[in-house]
1. From the residues in the range 149-163 that are assigned to a helix (DSSP H, G or I) and of a type in the set (D, E, K, R), which one is farthest from the ligand (Cβ to nearest atom)?
2. For Phe204, are the conditions met, namely being crowded, with 21+ Cβ neighbours inside 10 Å, assigned to a helix (DSSP H, G or I) and modelled with pLDDT of 95 or more?
3. Looking at the range 143-154, which of the residues that are more than 16 Å from Met126 (Cα to Cα) and not β-branched (Val, Ile, Thr) is surrounded by the fewest Cβ atoms within 10 Å (Cβ to Cβ)?
4. Report whether or not Thr21 is touching a helix residue (DSSP H, G or I) at 6+ places or on another chain (Cβ under 8 Å), among the hydroxyl-bearing types (Ser, Thr, Tyr) and farther than 29 Å from Leu231 by Cβ.
5. Can you tell me how many residues in the range 164-195 are in a helix (DSSP H, G or I) and touching a strand residue (DSSP E or B) at 6+ places or on another chain (Cβ under 9 Å)?
6. Could you tell me how many of the residues in the range 1-18 are aliphatic (A, V, I, L, M), out of contact with any helix residue (DSSP H, G or I) (no Cβ under 7 Å at 6 or more places or on another chain) and within 16 Å of the ligand (Cβ to nearest atom)?
7. Determine whether Ser219 is within 16 Å of the ligand (Cβ to nearest atom), touching a helix residue (DSSP H, G or I) at 6+ places or on another chain (Cβ under 7 Å) and assigned to a loop (DSSP other than H, G, I, E, B).
Amino acid sequence: MHKIIAANWKMYKNRMEAATTAAEISAGLPGVLPEGREVVVFPPATAIECVAQAFRGQKALTVGAQNFYPAPEGAFTGEVSVDMLRDVGAEWVLAGHSERRHIFGESDEMVARKAVFALSHGMKTMLCIGETLEEREQGHLYVVLERQLTAFFSSKPDAMADEALTGRFVIAYEPVWAIGTGRVAGPGEVREAHGVTRALLEKFMGETGKKLPVLYGGSVKPDNAGALIALDNVDGLLVGGASLEAQSFLQIIGA
Ligand code: 13P
């Protein structure tokens, strides 16, 4: 399957820093990008436009937004719409990142509403799922992933055909205990969680569920990226800290 390497820059980099890193990624890409791989960078909202400019003309490089509010426009102080994000060059959005769920209290229902809204307004969408350490230790991996995916599939309107999601909808499995902790999930843990995710996608979507990329995220670094991306059902990586520096991210892209 086509693989996606994504960078989540979180709340790091002003416009100048973002433009510099984006230009370095763009310049270094031709030497490292394997066939059939695409790269998506999610900068902070204020830097989307300058990253999009730095990526212009590079087909394999696209830009996304880390957050948005699921309404076309309106009295939502402090929020940004998908049309506004598209206007500055975003083609992708993230929904359900663990920091949005846990720091900002976004419920499964809110995350599902956001993902459905973005998809129905023409944005490619990366839906993040994943269990906390406590949930894993209690043996609740399956239940948590099922609950998070059920929230999406039960709010997806019938008019949004499963086949129409191919190429536009991606799942990122990010175990909360591996995010920003330096503790990467082991191969057995990743294989298990990605196997569960694939089985759930097939349960909800049948054959189409086999075609959706499932990315791994959580302490991905240049020295573990190659082993992670080689695992069954790992169709890409979502990288936080190690994507902030172009050379480190380029090594991951090429892993
Ligand atoms: P780290 O790679 O810094 O662990 O962050 C992972 C992440 O949250 C990507 O969305």
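The values are calculated or read from the model by the stated rules, or taken from the named source; none is laboratory data. Since the model is a prediction, treat every value here as computed from it, not as a measurement. Cβ coordinates were reconstructed from backbone atoms using ideal geometry, including for glycine residues, and neighbour counts include every protein chain displayed.
1. Step by step, filter the range 149-163, then rank; the result is Glu163.
2. Numbers: crowded, with 21+ Cβ neighbours inside 10 Å: no; assigned to a helix (DSSP H, G or I): yes; modelled with pLDDT of 95 or more: yes.
Considered against the rule, which asks whether it is crowded, with 21+ Cβ neighbours inside 10 Å, assigned to a helix (DSSP H, G or I) and modelled with pLDDT of 95 or more, Phe204 comes out as no.
3. Looking at residues that are more than 16 Å from Met126 (Cα to Cα) and not β-branched (Val, Ile, Thr), I get Ser154.
4. Considered against the rule, which asks whether it is touching a helix residue (DSSP H, G or I) at 6+ places or on another chain (Cβ under 8 Å), among the hydroxyl-bearing types (Ser, Thr, Tyr) and farther than 29 Å from Leu231 by Cβ, Thr21 comes out as no.
5. Total satisfying the criteria: 5.
6. Residues in the range 1-18 being aliphatic (A, V, I, L, M), out of contact with any helix residue (DSSP H, G or I) (no Cβ under 7 Å at 6 or more places or on another chain) and within 16 Å of the ligand (Cβ to nearest atom): 3 in total.
7. Yes.
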